[in-house]
Amino acid sequence: MKIHSRNLPITVLLLAALAPGFAQQPPAEQPSGVFGEQIEVRVVNVEAVVTDKQGNRVQGLKPGDFRLKVDGKTVPVEYFNEVRGGQAIALDAAEETVHGLPSLAPGSPVGNSYLVFIDDYFSIGPRRDEVLRDLKGQLSRLAPEDRMAIVAYDGGGVDMLSSWTNSQRQLGQAIEQAIGRRAFGVARLAELRSFEASRRVAGVTFEPGPRSAFAQRLDIEELEYADRLSAQTERAVAAAASTLRGFASPPGRKVMLLLAGGWPFSPADYVVNNPNRPILDRDVPRGEDIFRPLVDTANRLGYTIYPVDVPGVEAAVADAALAGPLPGGINIREQEHQASLQFTAAQTGGKALLNSQSSELLQVVDSDTRSYYWLGFTPSWQGNDKRHKVVVEVLKPGFKVRSREDFLDLSRKAETSMMVESAMLFGGAPDSVPLAIQAGQPVASGRREMQVPIVLAIPVDAVTFVPLDGKYAAELELRVAAVATSGSRSAVPVIPVTLRSDTQPQAGASIRYETRLKLRRLPHRLTLAIFDPLSGKILTGSIEVVPPAK
């Protein structure tokens, strides 16, 4: 079975047999109480910030002062609350009677749940550490009803440094642990320098003129670098989206502090770095295509994203040919980084904290999230993977509204894939089952590829066998993700797997499942997951693969 991928081709050959006595590695200890939630979203919540012409917050509005539109059609506001200074404000009795709107108890505190995502893959260490120390110094701003969780992404997976807690001591320790982690932005800088150096040596330039039509497409070297950069950014975006799903249901206002080290909005334009050379090449994903998985997940789960500018390459490059402004004062690459943050914030109703604002991130976000209106409605869910535009209007003139812009009506298949891939990224969940994996010796296959024998041990107790035509069968799904050291990754295919047995499999036994993967001849981290649709259980495991010596 051939699995096509732009970056890492994988061929999967599968064999399965019942086999007792497969030696399982002891599962790694997992943090408690956050991952692997079965998410059932029925109500769409929209947090609306209303300001006057001077930018001041507007208070005291009632449900009748708002109009809520979905795909251009007005829908009733079924749930309504005003939160002012972190406390719920009571509705008038007449409003509750007319609209039947439930509200929080008057004066009850409404806390913020801050989910901190630290990008170690693109960030330069000293700049990242500066922002983290500023965050640590602002932890005293947390109210008693607030909580915070902290995770860090290194290009291969996401590590949880702190689960939900209000303890400044525990959060401070987690931030110090984050500061001690390796940052990989220097590697991204080396990739950029290598690309630019090769261009200068080759003397490649594009000037307006007869060749301008060719200049609208990337050449081979540009395409290779843009493709790598796109894959790296997509991986980081997927990690952030999966992090949201892993922390899907905290109480109160849900906020993600996204400490991004420099994610280009359009990798192709970032690579070209020339405002006079518009790129029409669509072979490389860009903009909305790259960042949609993150904003869709945030809007689905009710998170507002506040992206924080943690410059990686731009903060460290002294060579103006790499990152500095071009003639006319235009810094294309810096604009690309900021465009990603601004898009993510605008789509989810947050704000992008750029430049010096990153030193006051908790202060800025705290002041922006303490006073707002909470509107809720129940869509007619179809499960068709369609996106729906949401517009909040204030009927009184002169007011401006900031809120999330849409929501995605996910199908069950898409919801399941996101849930399983989230568990794969985190290396499992408290309620998931560890999947024991053994890798054989990789064997060279052609000039650039290798075949890797993989054996899985699937516990019989973790999957559901049902009688079928006088036998017993389990219908499962296998997913394989391969991440190279460069950050490039394969697509995550969904492979139907049917296990059959003449007799009822015995409890406590294991199923030996043999797989051969064909990969590029590079070091990889492989993560495999088995999903049982009948029970909803997920089995995950990871293993490092080293290519054979040449």
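Quick check on my filter: what residues within the stretch 235-278 are assigned to a helix (DSSP H, G or I) and among the hydrophobic types (A, V, I, L, M, F, W, C)? So that I can check it myself, show each step before the final result.
If we filter the stretch 235-278 for residues that are assigned to a helix (DSSP H, G or I), which is where we start, we get 235-246, 267-272.
Correct list: A236, V237, A238, A239, A240, A241, L244, A268, V271, V272.
Among the residues of the stretch 166-187, write down those that are open to solvent by 70 Å² or more (accessible area, probe 1.4 Å) and charged (D, E, K, R). Let's see the steps before the verdict.
Taking the stretch 166-187 and keeping what is open to solvent by 70 Å² or more (accessible area, probe 1.4 Å), we get 168-170, 173, 176-177, 182, 186.
The answer is R169, E176, R182.
If you take the residues of the stretch 122-158 that are of a type outside the set (D, E, K, R) and in a strand (DSSP E or B), which of them is surrounded by the fewest Cβ atoms within 10 Å (Cβ to Cβ)?
The initial filter retains those residues of the stretch 122-158 that are of a type outside the set (D, E, K, R), namely 122-126, 131-132, 135, 137-140, 142-144, 148-153, 155-158.
In the following step, the residues that additionally are in a strand (DSSP E or B) were identified as 148-153, 158.
Numbers: M148: 27, A149: 23, I150: 26, V151: 24, A152: 26, Y153: 27, V158: 21.
Restricting to residues being of a type outside the set (D, E, K, R) and in a strand (DSSP E or B), the top hit is V158.
Go over the candidates V50, V75 one by one and state the one that is over 19 Å from V365 (Cα atoms), at pLDDT 90 or above and aliphatic (A, V, I, L, M). Spell out how you get there, then give the answer.
Values: V50 fails: over 19 Å from V365 (Cα atoms).
Selected residue: V75, the only one of V50, V75 that is over 19 Å from V365 (Cα atoms), at pLDDT 90 or above and aliphatic (A, V, I, L, M).
In this structure, does R67 turn out to be surrounded by fewer than 18 Cβ atoms within 10 Å (Cβ to Cβ) and under 15 Å from V401 (Cβ atoms)? It would help to see each step written out before you state the result.
Values: surrounded by fewer than 18 Cβ atoms within 10 Å (Cβ to Cβ): yes; under 15 Å from V401 (Cβ atoms): yes.
Yes; evaluated as a whole, the condition is true for this residue.
Take the stretch 497-529 and flag every residue that is open to solvent by 30 Å² or more (accessible area, probe 1.4 Å) and assigned to a strand (DSSP E or B).
Passing the criteria: T498, R500, R512, E514, R516, K518, R520, R525.
Quick check: anything in the stretch 351-358 open to solvent by 10 Å² or more (accessible area, probe 1.4 Å), of a type in the set (S, T, Y), at pLDDT 90 or above and within 30 Å of L132 (Cα to Cα)? It would help to see each step written out before you state the result.
Applying the first criterion (open to solvent by 10 Å² or more (accessible area, probe 1.4 Å)) to the stretch 351-358 yields 351-352, 354-357.
Imposing the further condition that a residue be of a type in the set (S, T, Y) reduces the set to 356.
Then keep just the ones that are at pLDDT 90 or above; that gives none.
Checking the stretch 351-358: not a single residue is open to solvent by 10 Å² or more (accessible area, probe 1.4 Å), of a type in the set (S, T, Y), at pLDDT 90 or above and within 30 Å of L132 (Cα to Cα).
Going through the stretch 167-206 one residue at a time, which ones are of a type in the set (S, T, N, Q), assigned to a loop (DSSP other than H, G, I, E, B) and at pLDDT 95 or above?
Initially, the stretch 167-206 is screened for residues of a type in the set (S, T, N, Q), giving 167-168, 170, 173, 177, 194, 198, 205.
Checking the rest, the ones that are also assigned to a loop (DSSP other than H, G, I, E, B) come to 167, 205.
Across the stretch 167-206, the qualifying residue is only S167.
Tell me, yes or no, whether the stretch 396-411 has at least one residue that is farther than 17 Å from A298 by Cβ and part of a strand (DSSP E or B).
Looking only at the stretch 396-411, we keep the residues that are farther than 17 Å from A298 by Cβ, and these are 396-401, 411.
Filter once more, so that each one left must be part of a strand (DSSP E or B): 400-401.
The answer is yes; a qualifying residue exists.
Could you please let me know if L341 is touching a residue at least 24 places away in the same chain (Cβ under 8 Å), in a strand (DSSP E or B) and within 21 Å of L294 (Cα to Cα)?
Criteria not met by L341.
The values are calculated or read from the model by the stated rules, or taken from the named source; none is laboratory data. Source: prediction; values computed, not measured. Backbone-built Cβ (ideal geometry, glycine too); neighbour counts: all protein chains shown. These area figures cover heavy atoms from the full protein model, side chains too; ligands, DNA and RNA do not enter into them. Shrake-Rupley method; radii C 1.70, N 1.55, O 1.52, S 1.80 Å.
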